[in-house]
1. Considering each of THR191, THR186 in turn, give the residue that is out of contact with any His (no Cβ under 9 Å at 6 or more places or on another chain) and at pLDDT 95 or above.
2. Please determine whether any residue of the stretch 389-397 is within 16 Å of ligand 2 (Cβ to nearest atom) and either in contact (Cβ under 8 Å) with a residue 40 or more places away in the chain or small (Gly, Ala, Ser) (or both).
3. Give just the number: which of (1) among the basic types (Lys, Arg); (2) farther than 23 Å from GLU182 by Cβ; (3) within 13 Å of ligand 2 (Cβ to nearest atom) does LYS261 not satisfy?
4. Filter the helices (runs of 4 or more DSSP H) completely within the stretch 254-355 down to those with at least 1 residues that are buried (at least 24 other Cβ atoms within 10 Å of the Cβ).
5. Please go through the stretch 410-430 and give me each residue that is touching a strand residue (DSSP E or B) at 6+ places or on another chain (Cβ under 8 Å) and within 9 Å of ligand 1 (Cβ to nearest atom), ordered by number.
6. Mind listing whichever residues of the stretch 248-272 are closer than 20 Å to LEU167 by Cβ, among the hydroxyl-bearing types (Ser, Thr, Tyr) and within 9 Å of ligand 1 (Cβ to nearest atom)?
7. Would you tally the residues in the stretch 331-357 being within 14 Å of ligand 3 (Cβ to nearest atom) and of a type in the set (Val, Ile, Thr)?
8. Pairs needed: first member in the stretch 266-278, closer than 18 Å to ALA443 by Cα and within 13 Å of ligand 2 (Cβ to nearest atom); second member anywhere, among the acidic types (Asp, Glu) and at pLDDT 95 or above; C-beta distance under 9 Å; at least 6 residues apart or different chains.
Amino acid sequence: MKHFQISSPLILEARKESDWDGNFLLVPIAAPKNNTPEKPGKKIGDTLLLTGEETQLLISLGMTEKISRKTIRKAGEATAKWLIAHQASKVGLRATAFDDFGIKNALDAFCEGLLLGAFSFDLHKAKRDDIERVNVHLLADRDISRLQERITRVTAIVDGVNLARELSHEPPNVIIPVSLVERVQTLASETGLKCTVFGEKELTEMGAGAILSVGLGSKTPSQMIILEHLGHGARAEEPPVVVVGKAITFDTGGYSLKDTKGIVGMKFDKSGGMVVLGIMKAVAALNLPIPVIGIVAAAENMISAEAYRPNDIIRSLSGKTIEIISTDAEGRMVLADALTYASTELKPRAIIDLATLTGGVLVALGKVRAGLMSTDEGLAEALSAAGERTDERLWPLPLDDEYFLLIKGNDSDLKNSAGIPLASSIVGGTFLKQFVMNDIPWAHLDIAGTATIKKTIIGPRKSTGFGVRLILDYLEGL
Ligand code: BES
Ligand code: ZN
Ligand code: ZN
């Protein structure tokens, strides 16, 4: 049995072509206008194995007019699945293989696809598939070290995505707030990131009542986990970018209980936090010059005699009081204190939060785009552009002041839900906005739709790691 630390057996390496003694070459081609027996079909990722003097696996990139980084990435994903299914090893790919298609960084996109497509989550299967390592060698006759640098960069990014996916997949009896802390401490010691954990004692002393309230019904208390990357050179002096993630290790809804159908899959309610961990792992591996801080706001939303209930009034870290209307609107409670902490203690240049916050974003945008709400036009534009480049697409939703009327408190400063099904994603964003202080540019990404996919209606739900590549693209561009 093989255990890969991250559930991905594919390894990329640069090699000198003249010394290469591998088994066969990957050859990307545009789909033929008419299907011919010796060419793969029109569908992106269709393959055809040609044997002869030089064995080649032809891979369709789809129709010429439609070839883009996105389709090339998709072809890479399909290729990885083929290579794993066929237990391929020592496969070559010429670094020039995409030169004819006129797409910038096509090779990087294909490599990204290969590494993304190789991920599967099978840590808990008694009989794990007998997966062998798949080595893919990128071949060139010169500038091997430059090529290796490109591969190392893409590998760092996708390792971040696959870490986010793996942790999101972990079941809720394995990942609870305290076991998550242990995982993050291991990650910190492996990467050199600085890790600070605020547990029950610290959160109580700080007055972080909002994040604590969500964990009251759980066997283990809420945790605020902070990972810091310091940056280097002159740029290390710049204010940090802070990335905050919602990490509800399981969301039952609490006393505002979810129904039998709605509760399944709520282990994925920690996706935002796991994406933050993936980002931080990659930020460390890429050794970005700028300081970046990740905050994971973790809690388990359960029911017990200790659990918070509707009509409770909670005092948050900001001092603002919140009346609970729905215990199922718990994500905004844990994020409220994390956003307050970020904006008052960390002096950031920007705060970005990622959260599976509302079912409403599924209604509005489906599983194609995540909702983007922001107080800063420049930040929103930069994130949208990064989303288009990485194919982790966003769409803006407004935050007009009038929406606040829906959550203006009666007996408290504010309510955690409008209590009526009106603009629920925007109301969620409006709530969070109240906890970002000092006019700090802030953006909220509601990833409730995009954090998971289902290939078919009955197929299993899978974590996408949505947001890791997007945020890294944004950070690399700063
Ligand atoms: N974790 C859910 C949101 C969610 C729903 C994520 C479906 C993924 C799939 C969140 O905590 C929640 O329950 N939100 C409520 C908020 C409401 C009570 C204001 C919702 O969207 O219904
Ligand atoms: Zn909820
Ligand atoms: Zn939730």
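1. THR186
2. Scanning the stretch 389-397, I find no residue that is within 16 Å of ligand 2 (Cβ to nearest atom) and either in contact (Cβ under 8 Å) with a residue 40 or more places away in the chain or small (Gly, Ala, Ser) (or both), so the answer is no.
3. Every condition holds for LYS261 apart from (3).
4. In the stretch 254-355, the matching helices (runs of 4 or more DSSP H) lie at 271-286, 331-345.
5. Answer for the stretch 410-430, where residues must be touching a strand residue (DSSP E or B) at 6+ places or on another chain (Cβ under 8 Å) and within 9 Å of ligand 1 (Cβ to nearest atom): ASN416, SER425, GLY428.
6. Listed by number, the list holds a single entry, SER271.
7. Total meeting the criteria: 2.
8. Taking only residues 6 or more apart or on different chains, the pairs are GLY272/ASP353.
The values are calculated or read from the model by the stated rules, or taken from the named source; none is laboratory data. Because the structure is a prediction, the values reported are computed rather than measured. Note that we place each Cβ from the backbone using ideal geometry, even for glycine, and neighbour counts take in every protein chain shown.
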